[in-house]
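The values are calculated or read from the model by the stated rules, or taken from the named source; none is laboratory data. The structure presented is a predicted model; accordingly, all values stated were derived computationally and were not measured. Using ideal geometry, Cβ is built from the backbone for each residue, glycine included, and neighbour counts are taken over all protein chains shown.
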Amino acid sequence: MNKLPETFEELSRFRQGMYRIFSAAFLPPTPERLGDMIAGADALEAMGLPYLAFYNEWLPWRQALNSIHDAIEVEVEYVRMFTTGVAGAASPPTESFYTADPIRGEVGEVLAKLTAKYNTFRLEPTRTVTDTVDHISIELEVMSALCAYEAEAREDEDQRRVHVMLDNEQGFLEEHLLVWLPTFVDRIAAADSLALFKHLGPAVLSFVRHDLGVVNFLSTSSPIVESVQ
Amino acid sequence: MTLVVCTDHGTPVPEPLEAAYDVVGMAGLCENPSALNEAGVTNPEALILHVGEYDLGFVQGAVRKTGVNPLGVPVITLGDLPTRSVLRTLGAGAIARHRAFQGAGPEHAKLQWPQVMSRRRLLALGVPQYIAAPSINAALCSADSGCRLCVESCPTQSLDPSGGIISYSVDTCSACGICVTTCPTGATANPATRPRQITEQISAFTKSCQEPMGVRFHCRDARVRGVEADWYPVEVPCTGMLSIGWLLAPLLLGASAVSAEPCLSSGCSLANDARLTERYAAATAISETLGFGSDRVRLSTQGSMPDPIGSLPAAALGEMHDADVFLAMATLGSKDVKVPTTVGAVGVVSINEDSCTICELCATVCPTDALSARKSHDTVDITFDTMSCVGCAMCVAACPEQAQNAITLDRRFDVDALATGRHTLISGSTATCEKCGGQIAPSAMLDRIQSMLGHEHAGTLALIGKRCIDCR
């Protein structure tokens, strides 16, 4: 049977992995990346994923991931769905597309705010990243990093840092990801895409919504009792 | 399509009520729910397990691994060892309830993550469990016309009406379901406790059980108490959510009596007992007045079981609205009955023709369209349908002529009024513009303005009575 996260630290590591795999899912689907994602999905399922409510939405995407038989077709569809071309992407994967008016110059404002936010988290995109900082992959990767920081703080038994990280996670979910993710997912659904992308939207949205509930739960858990071993 | 029974402690495997589902017995299922996956069960519809021997989180996980949403899979918990026929009835009810499940989204899964003591750490994570949380269908909600019934009834203040729409905090919500039975338009729903699921479950009980039987509503926290003889359990989020209609409906479906376990006796923390007690008393009064006796609705399962009074199909009871259930009971009992109520979702509206100005505000705010304005070129009628009225009194609050008692609401279960159907409460002429022929206002309203202004503004009065606002 699957092994469930037994401690808060293991739970943070599990959440880190979930954000990581969904972040990868919105990057160009090279054969190597798809292979890594399958391995990652196996590992997450072994960590108790079926015990979480979003498994019902995860499962169709997982099955689609396992049944890819034409990698070129997936790459072509990825470009149509998420990469801006002559006619624009079917479902642009950037926050500013949904929250900012380009005519009023609000796109830059969104990007500047996000960059500042990442700086407060002591994060910055690596130089090889060519996407803008409001790309879904980067926002999900930021959440993954925050979960990793939280796990480290738990390992160090530093409850103050744990709560700072939880506040950061809660704020980032409420002020950024969950503001635009539902509309983005609706757009993916409307684009009539391959199963891999069609099922990705509900899977990531149900996970992120669920995760906000987890963060709220963790924020109200007693840190003093947990620190006693 | 399978009913799965844990066969520990000699629990027999019952026959299915009908051929449409299989029954599978599994030893050790309570302790190891993943046996479900190992045995290759692909579509579990309901589970029968044993008190205190299973972890709901593990059970939900095993069901989820089959691709089925566990929120729609009833778990029946046995205490003492029941007979094969009792098990058959329990199983048939659970299967019927599952089949009436219309699905649930991720937003309906409310996380309850127990923390457990362990040797490794003083506080460790248990297995996450989920309960079904309600959702609000904005398209059906009457919040824009001022309805706040759910907000006022919510014991945890989890509903927020600011901004003209009802928003809801799943974190503070106890998922008790009171908002569901309070909502006059069906906008609020709990996917695991829809009225049709309840009526189908009870119908299956009465179809399977050959002897007079009772229905015992219990809250989800009381699941651990198991099954009592002759009383078949129906789980609801909280017994405080039970309306008069829900309390009486089992009697129409073939049950001889109904019981609802209060929070205090079930160990439930929601503390909605006062609400249940009020509705229990009102349901008892109705049963007694209709001639069915005062022991049909009980707070305990003591006493003998009377003969059943009816056996309507589940579909006949719709959403189990108070008025629907009362009227259906009245057709089986005393016909000419009026029962006053303070908690029933019913009302009889009357209009005083001398003071009503037919301004239509009452019809505008009515959340169920029980009050409706019907207009023609030169008349306007206010019509009323007692069956749709939930006694919310928003019409009375909105009436500008309230001081003149232009509209009154009498909360009572009234067979005659309910059987009347939609009828006109007041009808009046509309003044039309002498220039364009358009409507100005109801004549009664112009008369009212005249009486307020007297003779001091004769010119103004003459003008507003002859020309519409565009032509003045």
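Annotations for the structure displayed:
- Test: residue in the stretch A:187-196 that is surrounded by 20 or more Cβ atoms within 10 Å (Cβ to Cβ) and among the polar types (S, T, N, Q): yes
- The residues of the stretch B:201-212 that are over 23 Å from the mean Cα position of the chain (by Cα) and surrounded by 20 or more Cβ atoms within 10 Å (Cβ to Cβ), listed by number, are B:Ser208, B:Cys209.
- Any hit, the stretch B:88-96, residues being touching a residue at least 12 places away in the same chain (Cβ under 8 Å) and within 14 Å of chain A (Cβ to nearest Cβ): no
- Of the strands (runs of 3 or more DSSP E) lying entirely inside the stretch B:365-450, not one carries at least 2 residues that are on the phi > 0 side of the Ramachandran plot and touching a residue at least 24 places away in the same chain (Cβ under 8 Å).
- All of B:Leu140, B:Leu149, B:Leu159 fail the test of being surrounded by fewer than 20 Cβ atoms within 10 Å (Cβ to Cβ), farther than 30 Å from A:Pro50 by Cα and not hydroxyl-bearing (Ser, Thr, Tyr), apart from B:Leu140.
- Residues in the stretch B:101-109 include at least one that is crowded, with 24+ Cβ neighbours inside 10 Å, touching a residue at least 12 places away in the same chain (Cβ under 8 Å), within 14 Å of chain A (Cβ to nearest Cβ) and within 24 Å of the chain's Cα centre (by Cα).
- Lone qualifier among A:Arg187, A:Arg160, A:Arg209 - being more than 14 Å from chain B (Cβ to nearest Cβ), in contact (Cβ under 8 Å) with a residue 12 or more places away in the chain and not hydrophobic (A, V, I, L, M, F, W, C): A:Arg187
- Residue that is at pLDDT 90 or above, of a type outside the set (Val, Ile, Thr) and under 17 Å from the mean Cα position of the chain (by Cα), where the choices are B:Arg216, B:Arg220: B:Arg216
- The single condition among (1) part of a loop (DSSP other than H, G, I, E, B); (2) surrounded by fewer than 21 Cβ atoms within 10 Å (Cβ to Cβ); (3) more than 14 Å from chain A (Cβ to nearest Cβ) that B:Val24 does not satisfy is (1).
- Test: residue in the stretch B:59-74 that is of a type in the set (D, E, K, R), within 11 Å of another protein chain (Cβ to nearest Cβ), more than 28 Å from the chain's Cα centre (by Cα) and surrounded by fewer than 20 Cβ atoms within 10 Å (Cβ to Cβ): no
- B:Pro195 falls short of the stated requirement of being within 19 Å of B:Phe101 (Cα to Cα) and within 14 Å of chain A (Cβ to nearest Cβ).
- Among the conditions (1) touching a Phe, Trp or Tyr at 6+ places or on another chain (Cβ under 6 Å); (2) more than 30 Å from B:Ala133 (Cα to Cα), B:Pro14 misses just one, which is (1).
- Index of the failed condition, A:Ser137 passing every other in (1) in contact (Cβ under 8 Å) with a residue 24 or more places away in the chain; (2) within 14 Å of chain B (Cβ to nearest Cβ): (2)
- Only one entry of A:Pro92, A:Pro5 meets the criterion of being under 21 Å from A:Ile138 (Cα atoms) and in a loop (DSSP other than H, G, I, E, B), and that entry is A:Pro92.
- Unique match (being among the hydroxyl-bearing types (Ser, Thr, Tyr) and under 21 Å from the mean Cα position of the chain (by Cα)) among B:Ser311, B:Ser265: B:Ser311
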